[in-house]
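For reference, the structure is listed below as structure tokens.
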Amino acid sequence: MKNEMRDIIESKKFLFFGGKGGVGKTTMAATTATWLSDHGYKTLIVATDPTVSLSAIYGQDISATDITKIGTERNLCGLNINPKKAMGVFQSRLEGMMQGFSTMFGSELLSTPCTEEIAAFDQFVSFFDDTTHDKVVFDTAPTGHTLRELSMPFDWSGYIANQIKNRRELSEVLGFVYDEKMVADLEVEKARYDHSVKGLSDESVSAFNLVLLPEKLPIEETARAVEDLGGFGIKVRSLIINEVIPKDVLKGNWFLERRRATQDKYLTEIEQRFPTITRRQVPLFDTDIYGMDILRRVGRELYGE
Ligand SMILES: Nc1ncnc2c1ncn2[C@@H]1O[C@H](COP(=O)(O)OP(=O)(O)O)[C@@H](O)[C@H]1O
Ligand SMILES: [Mg+2]
């Protein structure tokens, strides 16, 4: 039987997992990374969520600075981007760039409202130039945050373009000699962000997947995310509907049957509201999910045997 989810992850290099908090993003990202590495793909899983979930799910420390080999898996590595640390790296790079020029511009650049998010994004986008892995799986932060991350390079790129323009005009009007190197550096910076935006919306390399539960709130949040991402030219490739109660456990239990009936209602709603997006259900497991064995079981549900 054809498994569309499997086609998606095998045909794209950059795989993103988004959705509301607690719906199973980290679980699905880790499941996917494990499945891919088991199937011979050299895979890197990157968490941009400032939590330790990735370390907990694999049962080992995953570094924020260096790519860490996961367990004894031949093809699997991880990185847990820490926004605070990313900020330090980013600041020193910018400061280096600003050296010898009016510090006013420098401090202005470093004190834009979302420098910390820019810094995390800055590390995150560097993966679009990755050539050492076959697949890069992103365990993204919850929807609102993700969108903020995504909207940043757009503003950022406009901001840098403005700085370049201002600098040129100032130097013409006031006869300043402006620092050619710095303008060149800013241009490099702008190109970097433009490149990342292109990567995110390039359907030939990237696939955005949203995880949700068959419940009202996650459905509404998903609808908003689909719309918001669409505004940035990003098409949501699949919906993973998680924690569906298996029919064979109902056995006349009225509580479970009611719960499943509610889920059925929302499963129909999901079909009607997102008819053009690939959908795949994952059952509710009888335990929580961590460790290779259970991740492989989830992988069989998502991508087949
Ligand atoms: N299909 C499932 N069956 C049972 N437990 C699940 C399932 N999917 C996720 N979980 C559990 O739900 C919790 C939240 O999942 P997680 O992946 O951390 O969510 P998120 O990253 O979206 O915040 C975890 O404890 C995880 O083990
Ligand atoms: Mg998570």
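Suppose we keep only residues that are under 16 Å from Trp35 (Cβ atoms) and not in a helix (DSSP H, G or I) within the stretch 286-305. Which one would you say is farthest from ligand 1 (Cβ to nearest atom)?
Glu305
When you go through (1) among the aromatic types (Phe, Trp, Tyr); (2) touching a Gly at 6+ places or on another chain (Cβ under 8 Å); (3) farther than 24 Å from Asn3 by Cβ one by one for Phe208, which number turns out not to apply?
Result: Phe208 passes all but (3).
Counting residues that are on the phi < 0 side of the Ramachandran plot and at pLDDT 95 or above, which helices (runs of 4 or more DSSP H) fully inside the stretch 179-276 reach at least 1?
216-231, 254-273
Out of contact with any strand residue (DSSP E or B) (no Cβ under 7 Å at 6 or more places or on another chain) and modelled with pLDDT of 80 or more: which single residue out of Thr103, Thr115, Thr72 fits that description?
Checking each option against the conditions leaves just Thr72.
Look through Val282, Val244, Val249 and report the one residue that is free of Cβ contacts under 8 Å to residues at least 40 places away in the same chain and within 16 Å of ligand 1 (Cβ to nearest atom).
Val249
Consider Glu305 against the criteria (1) surrounded by 13 or more Cβ atoms within 10 Å (Cβ to Cβ); (2) within 30 Å of Ile62 (Cα to Cα); (3) free of Cβ contacts under 8 Å to residues at least 40 places away in the same chain: it satisfies all of them except one. Which criterion is unmet?
Here Glu305 meets the rest and fails (1).
Go through the stretch 275-293 and count every residue that is within 16 Å of ligand 2 (Cβ to nearest atom) and within 28 Å of Glu257 (Cβ to Cβ).
3
Which condition does Thr32 not pass, out of (1) within 13 Å of ligand 1 (Cβ to nearest atom); (2) among the polar types (S, T, N, Q); (3) over 21 Å from Phe128 (Cβ atoms), if it passes all the others?
(3)
Provide a single number: the residues in the stretch 2-36 that are of a type in the set (Gly, Ala, Ser), surrounded by 24 or more Cβ atoms within 10 Å (Cβ to Cβ) and more than 12 Å from ligand 2 (Cβ to nearest atom).
1
Count, please, the residues in the stretch 37-52 that happen to be β-branched (Val, Ile, Thr) and either away from ligand 2 (no atom under 15 Å from the Cβ) or at positive phi (or both).
1
The values are calculated or read from the model by the stated rules, or taken from the named source; none is laboratory data. Small disclaimer: the values here were computed from a predicted structure and weren't measured. Positions of Cβ are backbone-derived with ideal geometry, glycine not excepted, and every protein chain shown enters the neighbour counts.
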